[in-house]
Every structure is written in structure tokens, then in C-alpha cells.
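A quick write-up on the structure given underneath.
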Amino acid sequence: GDQQPQKGGGGGNRPGGGLRLEWTGCFMEDAQIATTLSEERASLLWNLAALEAYQASLAASKNDKRALSKSVKQWQAAASFLSHVSSLVQDVDDNNRSNNSTLDFSVEMRTFWEKLLLGQGQIAGYEMASANAKPRHLLLAKLATAVVPLLNEALDACRSIMNVGMQQTSSSFSDLHQQWITYLQATSALYAAKAEHHESITHKDKSKWGMEMARLEKGLSLANHCQDLLESASSTSSSSVRSRQQQLPAISNIHTKLATLLDTLTKRYQQAQQEHADVAIPPPNEVRDIRGELLAKTTQKQPLPKDCVTIPAPPLFGKLLGDSARAACDTFRQDMDHLVKQMTQMVDAKTESAREQLASVHLPHSLTAYKQEQSGGGIPMELWERVDQIQKDRKIATLKRDLWGLRDMAEQASDIFGRTRAQLEEDVTMDDLFREQNKMFDGHDVREVQQSFRSSLQNYEKLLQKSQEGDSVLLRRLEILDTDPKYKLLQFQKSQLDRLLPSSSSNSSSSSSPQHTTIDTTHLSRLLVDLSKLFHDRDVTLNMLREEVKNYDIKSKVVDIDPNDINADEEYKHAVAMAQKAFAGIAYEIQSKVNLQMELMHEIMVENERFVAARDASAGGGRSGRHGGGGGSSVNNSAASDSCIAMIEDAIDEIQQLSRHLMDGRAFYDVVIPKLEALKQQVGDASVRLAVERCEYEDKQRHSEQRRKQELDDARFAEELSGGQNQGGGSGSGGGGGGGGGRGPGSSGASSPAPGDVAPARSNPGVVNVRNDEPRVRVDDEKVASLVAMDFDPDKVVAALKKYDNNVEQALNELLSG
């Protein structure tokens, strides 16, 4: 395989205080000592990157499309691990315990490996795209071009490695380092030559012979430069036996690839010179650079293995943008969104205009019908296969069923939406009524609770309105499936369709002209193919513009501008203008393809006029044949054939569009219905919580009312009890007074107690009635039980608690002292 970083070894804690973890580097003579966990983690991640790169090289060597796809991800994962290593090493540097003096962890070595791994991933992506049965040379040129800057960055870092820690390296490192440089230079030149080769093929397909030869010349120059680099490196290392024995396998692979490429470029260039000797070749400064398409990208979002220690998160707050910087970013986004929208509208309008213009002259249907006439008549086999597949799949019947199913899903979504909104309105009504009846209620405001629900419901309402408009269009189109004649053609058998499309011999059998001339349609067919490719390439470029605008980091361009500078406003404007200028090239490319469409359409219309005139002349002997004899019938038959094929193709396209719209509609409702159900559930849960809150308030109010009533009853009972005892004491005194004002034996009745006696006890548990001139004390039963459990006499316990007003400590002291 190709290059992989390596770092091996192991270690552990050593006695003597502090953390010491020993690692043996791949390129170092002496062992390295890690004294922090961050260094240990970085070493582990380095080895994970090496393992991932090794597995990627094994997958890439299989030359299988699926294996190459896996290889791209593995190369990218390896580079991502190294980016995590950079974070950890930076963390060590921040704590002034840097391992940066070692070669393995130097910035140059880490940059070299990260860019090299990404370059290998980009190469694997190129090889994966090359494995297609029909290579897309425009894409291959862009993928090959993107290899070059990655390897050049790796080359710059590799050259800087010699200045870092070379006194610590092993004796063989110098030879290996030189081979790295050779590999990077040669591979960069090789893939630059490949890019020019693929671009030359795109020019060849467009009959741009001068540009093709210019690209071939440039590709040959780059390929020869690659060969010179390899020969120079070979002669330099020829004296060293060890260098020859340790030559990188990747360099041998370059020799093989280069030989094949040189042979292909040379043969095609010689052939092009013979075929187009009089064509002017543009100078090198007029040959536009190829725009790269980066497939392999490094990102620290690549997840680490579960068993690996998590990398510390970046600071929560980075540099905050000021008002002026935010305004500049907003201006950039608004301008670029307007540019993308403008480009999209222009491309869509031009595409639709071209299609309408082609349809007005029955292209490409008339061309298809003519070719079929020349081949014996009947429906073209490719077209019949499409019709036959529709019949086998019962596509029309399936469409009807699916359309009704889509309507059911739409009604279900509308029903959920309606019930959710009704629940919200009902909750508001109930809350208003409850607050009107309970003025002191201060629970949650239902409108504040529902604010997020109503916002979500409003968004869903807009989505459902748009979807229902589309659904109504689909249902109207459903109604014509049984009535429009073009759909009935899709239900015909092949023999029936063949009779509708006669051959050219049958058209000319009744003609006055005994000879039949075949029309050359090669140029018109090629122009139509070029137009189709132009549409596709333009859509790809437009999508590229959208993606680059979306991912462009404008904040990094304005964050370092000092807002307090007197020229800050001008600097913000300049930064925005330079950022917008970065997209001028791709916008110009789109506009150029729009202009090229106009040229192509003009050429197609001119060529089609020739084709129609030649066809009419061949079918009916020129313009005079169109108005008399068998020629008119032949022309009419040709027109009928064109119309029939056009109707069949339109019906098939309509069926396919309906199928796509149905799939989109079902996908929409498959997403929206569960979300509406979830929103309905959330609304229902909130409604229950609000109802519970109101019920709890009512229960609280009811309990408060009952407690107040009980307190009033208790106070009234206590007042009655106190009044009855006072009334009984007054009667006894009066009796004593009646006996002469003194107290002696028999001075009062038996029912009147003596002053020193205890009043009769009422049937009140836990209450001891004392003399009327002493306060009434309620003895705590639990405190009585706790003291009785200590083997004190119950009567003494009651007396002590009564004496000290249920104070357990004082009562206990009383009992212990007694």
C-alpha cells in the first residue's frame, strides 16, 4: 500500500514520583518519555491513525468500487485522528509541558501526514469514479485536480521536517525523507496530467479540437515532468544499495500508471494532429485552470472510538462578533442568497425555454421517429421496453391506488391538525372561565404555555396548505388518466403500436419518386446530446455554488477586524467584497453555460430545418409533393408517426413525474404525521397538567374552607366548655354565702366541692382538669408513654408533665430527683 504513519511502543507508571510513559517513535533513535496524559492520548491516537491508514491501503489495493468507497472513508478517518492529535499536543503546549521538540509530534510532521492521508483519500475517490462503466470525464478532471493542492501542502511540510529534531532521527530517515519528496512531487504531476487528459476528452466530445490539443500538450508536459522526477530520483539513489532495497512500493506504482498515461496521451495527440492539422491551438494563457472537486476532507467531528478518551471541548465562547461584524456577515449572506436565487431562476427559465422551443419543432420525437422509420418502422424497441415495463408493473392502476392513499394520508394529517387546534382553543376557554370564577387563582397562563405549540402549529398549517395544493393538482391529473388518449396508447400491444408507426419504405411506396434518400442525422443527434450534457453540467455547477455558499466561513474574515479602528467600516466592506469575489468564477461559469445554450439552440434549430426539409423532400418529392399525389400522404404519415411517438414519450414522462410526486408526497406525510401526533400528545399532556393545577387549586380552597369551619367549631366548643365551668363555680360560692358566708362541714350540699378538692373530670382523653383557679393543661400522650417506658410511675409522670407544661427534660429531672 501507500504511506501510513507509525508510532509504537508502550509503557506505564514508574516509581520515583510523577507520570512517566515511555514510547518508541518510528523515526527516533531514543525512547520518548510522556509525562502527561495528553501526550499518552496523542500517542494512542497516532497509532489509531496508522492502523486506519493501513486498512485503507489494503482496501484501495483491491480496485473494487465498494472497497475504494470504504478506503476513502478510512483515509479521511485517519486524517481526522491526526487532527485530534494536534488538539492534544496544543493542549500540552498550553500547559508548558510540550513534546513538540520531538519529530513525531512536530507541527511539520503532523501536517505532512494529515495532508498526505487526505491526498490518498482523494486519489481513492478518483479511482472509485474511474471504475464506472461510462466514466464522467468532467468529474474525473475535477477529482484529479483536487489531489494536487493536498499533496503540495504535504510537500511543503515534508521539506520543513528536515529542520526539526534531525539530530534525534534514525540513520535511515534521510533516505526515507527523500523518497517522500519524490513520491509527492511525482504523484502531484501525475494527477495534474490525468486531469488535463480527462478535460481534453470533454473538449473532444464537444468538437473543440483546438482546446483538446492544448489540453493534450499540457498533459504531455506534466507527464514528462513526472517522468523526469522519477528518473532523477532513481539516478540519485542508484549508488545506495539500501535505498534501492527500501524503495517505497508507491513509487513503483507511479511508474506503472505513468507509462499507461503517457502512451494514451501520445497516441491521441498524434491522431488529433493528423485529423485536425489546420486547427489553431490556443496559447497556454487561454487554457483555463480546472476547478477541483474536493472529496476527502478532514474534520474533528469524526467520532473517536468509544474506548478512547474524549478530546477536551473547545471553549464555550470564542471571539464574539460585534454589531458591525454581524452586519457585514448578514450583508454577505443576503447578497449571496440573492445571487444563488438569481442564478437558479435564470437556469430554470433557460432550461424550460429550451424545452419549449424543442417541443415546438417536435424534437427529439421527430428524430426518433425518423430513425425508427429507417430501421423498418414500428415502435422503437427502447421505447417499447419502457411501455412494456409500465404494463407489467400495472403502473397506471398502481398510481390510481397510491393517489387515493395519498389523499387518505392528507385527510389524516388535516384531522390531527384540526383536533390539536381544537384542544388548544378548548383549553383557553376553560382557563378563562375558571379564572372568572376564581379571581385569586394565579396558576400558569395558558396562552404562555401554548405559545410554542401555536408557533409549531402555524408552521405545520403552512406546510399542509402547500401540500394540499400539490395534492389537488395530482388528483386532477388522476382524473385524466382514463380519458387522455396518450395514456390509452400505453395500454396498446406492440403490434398495435407498430401499425401506428409505418416504415419509410411503406411511406415511399406510393410516392412518385422511385428512389429513397437516407438523411444524415448524426450532427443533429450530437447537438441534442451536447445540449443534454450542458443541462447536466450546469445543474452540477449550480449545486456546487449552493454548497460552497452554504459552507463559506465569512465570520473568520471579519472577526479579527478592530471595530474601534477609524477605517473599520471600509475594512468590513472590503472583506465582504473579497469574499463575494471568490464566487465570481463559478457564477461566470454558469453564465457561460447559459450563453453556450443559446448558441447550441440556434445551431439545433438550423440543423433541424435542414432535417425537416430533407425529410419532406425524401417523403414527397419536395414542396410540390406535399400538396399532391402520394407525397402528401407520406408526409402526413411521418407527421402522424412523430405525433404518436411524442404522445407515448409524454405519457411515460407524465407517469414518471406522477410517481416521483407521489413518492415525495408520501415521504412528506410520513414525516409530518408522526410529528403532528407528537405535537397533539404534547398539547394533550399540557392540557392535563393545566386541568390538574386547577383541580389542586379547588381542593386547596375546599380544604381551607373546611379548616376554617373546624377552627370556628373548636373555638365555639372551647368557649362553651369554659363558660360552663365558670358558671358551675359561681353557684357553689353562692351556696356557701347562703350558709352565712363561712365554710364548714355541711355548709353546702354534696354537689358543691370544697375549695381544696378536684373538680369532677369530664370524659376528655388526655385532659386533666385541675382546680378552677389553675390553668387547664393537656398532657401529651406520647411523652407520657416515653417516660412510662423508663419504668416511672404513670401517675407521677402525668403530674410532672402537667407541672412543667409537657416539658420532657424538666419532667424527667423532677422524676429523677423524686
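Read the figures in this text as sums done on the coordinates, not as results from a lab. Keep in mind the model is a prediction, meaning the values are calculated, not measured. Cβ sites come from the backbone with ideal geometry, for glycine too, and all protein chains shown count toward neighbours.
Miscellaneous remarks
- Rounded to the nearest 20 debye, dipole of segment 358-472 from Cβ charges on Lys, Arg, Asp, Glu: 620 debye
- Reachable lysines, given that their alpha-carbon falls under 24 Å from the alpha-carbon of residue 439 and they are not under 8 places away in the same chain: 700, 709
- Backbone amide hydrogens, once placed in the peptide plane, bring residue 61 within less than 5 Å of nothing, excluding anything fewer than 5 places away on its chain.
- The trypsin sites (Lys or Arg not before Pro) found in segment 401-493 that occupy coil by DSSP, while having at most 11 further C-beta atoms within 10 Å, are 439.
- 20 °C / 1.002 mPa s Stokes-Einstein diffusion coefficient of segment 560-606, Kirkwood radius on C-alpha pairs, µm²/s: 158 µm²/s
- Excluding same-chain neighbours fewer than eight residues apart, the aspartates and glutamates reachable from residue 70 by a Cα-Cα span under 17 Å are 2, 52, 127.
- Selection of GluC sites (Glu not before Pro), segment 345-454, meeting DSSP coil and at most 15 other Cβ within 10 Å: none
- Whole-Å distance, taken between Cα centres, linking segment 651-679 and segment 430-500: 11 Å
- Computed over Cα pairs, the Kirkwood radius of segment 387-506 leads via Stokes-Einstein (1.306 mPa s, 10 °C) to a diffusion coefficient of 82 µm² per second.
- Set of lysines with alpha-carbon distance to residue 371 below 30 Å, sequence-local pairs under 8 removed: 134, 204, 206, 208, 350, 392, 395, 486, 488, 494, 533, 593
- Extending 7 Å from the Cα toward the beta-carbon at both residue 289 and residue 565 defines two label points whose distance is 2.6 nm.
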